[in-house]
Amino acid sequence: YDDRDGKIWMDGKLIDWRSANVHILSHALHYASSVFEGERLYNGKIFLSRKHSERLRKSGELLDMPIPYSIDEIEAAKQAVVDANGLTNAYVRAVAWRGAGEDMGVSSARNPVRMAVAAWEWGDYYGDAKFKGAKLDVAKWKRPSPETIPTSAKAAGLYMICTMSKHAAEAKGCSDAMFLDYRGYVAEATGANIFFVKNGEVHTPLPDAILNGLTRQTVIGMLKDRQIKVNERHIDPGELDSMEQCWLTGSAAEVTPVGQIGDWNFEVGDLTKEISTGYEKLVRE
Ligand code: PMP
C-alpha cells in the first residue's frame, strides 16, 4: 500500500502518498503506542465521522498519549484527504502514534504524538460472505481483561492476537476468527462485534471486555426501532448450539452474515438480511 499515487494527511499537511514515512526509531513501532480508526465514506459522507474522531481522541487519552488535534481539526483532516483523493465511497484510516524523539525507551514522554489520515477505495470486508455467510474459526487466544489492557481503546496493541488468530483462521479456510474473552464468554471477531438470533430475540455480548463498536450501537438502535428485544449479556459458547442466526458488525465489515463458527452452523435468515440491508440504506441517508 505504500507505492501508489495519492495524498495522505500527516501532522497537519497533505503530502504525497509515497512520502508518508516514519523513522525506524518511532516509539510506536517498538512499544505499540498507536491508536487508530476505521471509517467508511458513503456517497461523499463519512458515516458517524465525529463519533470516530471522538473515539480516536478517547483512545489516545486511554493510552496516555493525548492527540494534539481537536475534533474539528480531525474532521477537517479527514475531509481534506477525501477531497484531495477525489473519493466518494472509501475506507478512511486515521492513526495517531508516538514518534521518534529525544529518547528511546519505554517512557514516551519525549516522543511527540503524531497523526495521519489516509483513505482508499475498498470493497466488502468479507468478500461474498454478505450473501453466503462468513465462515469463522474459534481463536485460541482470548480477549484480555480490562484490568490487563484498556479494552475500550482502539489501540494497535490489542490487535496483535487478532492478526495471529486471523492467520490461523485463514489457514483453515475461514475468513475470520471469533474470540472468547478472558472469562470464556463469547467476545468479538478480530475487527467486528457479534450478534445472534434465537426465537425472535437478539443476543450480543456485553461490551465489558470488547470494543463497543459504533456499528454495534447503530444496529442495536435499528433492532429497538423494529421492536426486537436485544439482550446484551454474557454468552456462554455452549449456547451457540441453539442460536439460529449470527452476524458481525463493524465499520469495515458493515453487517455481515455468519454461516459457520467452528462446528456451529447458522442460517442467513430474514432478520439478518433485514438488518444488513437496513444498515446499507441507513449509511447512505
Ligand atoms: N471489535 C474490534 C476488535 C474491532 O476492530 C472493530 C472495528 N473497529 C469493532 C469491534 C467494530 O467497531 P466499529 O463498529 O466501531 O467499527
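Rule-based calculations on the coordinates, nothing more; no lab input. Just so we're clear, the structure is a prediction, and the values are computed from it rather than from any experiment. All Cβ positions, glycine included, derive from the backbone under ideal geometry; neighbour counts span all protein chains shown.
Spin-label model, Lys142/Glu73: points 7 Å from Cα along the beta carbon direction are separated by 4.1 nm. Overall shape of the range 129-282 was characterised from the C-alpha gyration tensor. The equivalent ellipsoid obtained from it has semi-axes of 22, 17, 15 Å, in decreasing order. Sequence-ordered 3J(HN,Hα) estimates for the range 191-199 from the Karplus curve with 6.51, -1.76 and 1.60 and θ = phi - 60° stand at x, 7, 8, 10, 10, 10, 10, 8, 6 Hz, glycine and proline given as x.
On a full-extension model of 0.36 nm per residue, what is the gain between Arg18 and Glu280, subtracting their alpha-carbon distance, rounded to one decimal in nm?
Values: separation 262, 0.36 × 262 = 94.32 nm, distance 3.30 nm.
Fully extending the segment from Arg18 to Glu280 adds 91.0 nm.
Close amide-amide hydrogen proximity is noted between Val258 and Ala134, Cys246, Trp247, Leu248, each under 5 Å apart and 5 or more residues distant or on a separate chain (H modeled in the peptide plane; Pro and chain starts excluded).
Averaging over every viewing direction, what projected area does the convex hull of the Cα atoms of the chain cover, in nm²? The partial results should precede the final answer.
On the way: hull surface 59.3 nm².
Here the figure is 14.8 nm², rounded to one decimal.
Excluding same-chain neighbours fewer than eight residues apart, the lysines reachable from Lys132 by a Cα-Cα span under 30 Å are Lys45, Lys140, Lys142, Lys154, Lys166, Lys172, Lys198, Lys224, Lys229, Lys273, Lys281.
For the range 1-61, what does the alpha-carbon gyration tensor say about shape, rounded, prolate or oblate, given a ≥ b ≥ c as the root eigenvalues, a/c under 1.5 as rounded, and a/b over b/c as prolate?
Details: a/c = 2.37, a/b = 1.15, b/c = 2.06.
Oblate.
Backbone phi angles across the range 41-54, fed through the Karplus curve with coefficients 6.51, -1.76 and 1.60 (θ = phi - 60°), yield HN-Hα couplings of 9, 10, 6, x, 10, 7, 5, 6, 3, 4, 5, 5, 5, 5 Hz in residue order; Gly and Pro are listed as x. With θ taken as phi - 60° and the Karplus curve 6.51 cos²θ - 1.76 cosθ + 1.60 applied, the whole-hertz 3J(HN,Hα) list for the range 269-285 is x, 4, 5, 4, 5, 5, 5, 5, 5, x, 5, 4, 6, 4, 5, 9, 6 Hz, x standing for glycine and proline.
Compute the whole-percent fraction of alpha carbon pairs in the range 55-194 spaced more than 19 Å apart. Tail of P(r) above 19 Å: 64 percent of Cα pairs. Calculated mean residue ellipticity at 222 nm for the chain: -8000 deg cm²/dmol, from DSSP H runs with n ≥ 4 weighted as -39500 (n - 2.57), summed, divided by the residue count and rounded to 500. Projection of the Cα convex hull of the range 7-120, averaged over all directions and equal to a quarter of that hull's surface, yields 6.5 nm². Put the Cα centre of the range 177-216 next to the Cα centre of the range 45-60 and the gap is 21 Å.
Extending 7 Å from Cα along the Cβ direction at Glu201 and again at Arg226 yields two label points whose distance is 1.8 nm. Placing pseudo-labels 7 Å out from each Cα toward the beta carbon at Ala109 and Asp2 gives an inter-label distance of 3.3 nm. Among beta bridges from DSSP that stay inside the chain, the antiparallel ones total about 75%. Bridgeable aspartates and glutamates around Lys7 (alpha carbons under 15 Å apart, same-chain partners fewer than 8 residues away excluded): Asp16, Asp83, Glu121. Taking the DSSP bridge list for the range 129-282 and keeping only pairs wholly inside it, about 55 percent are antiparallel.
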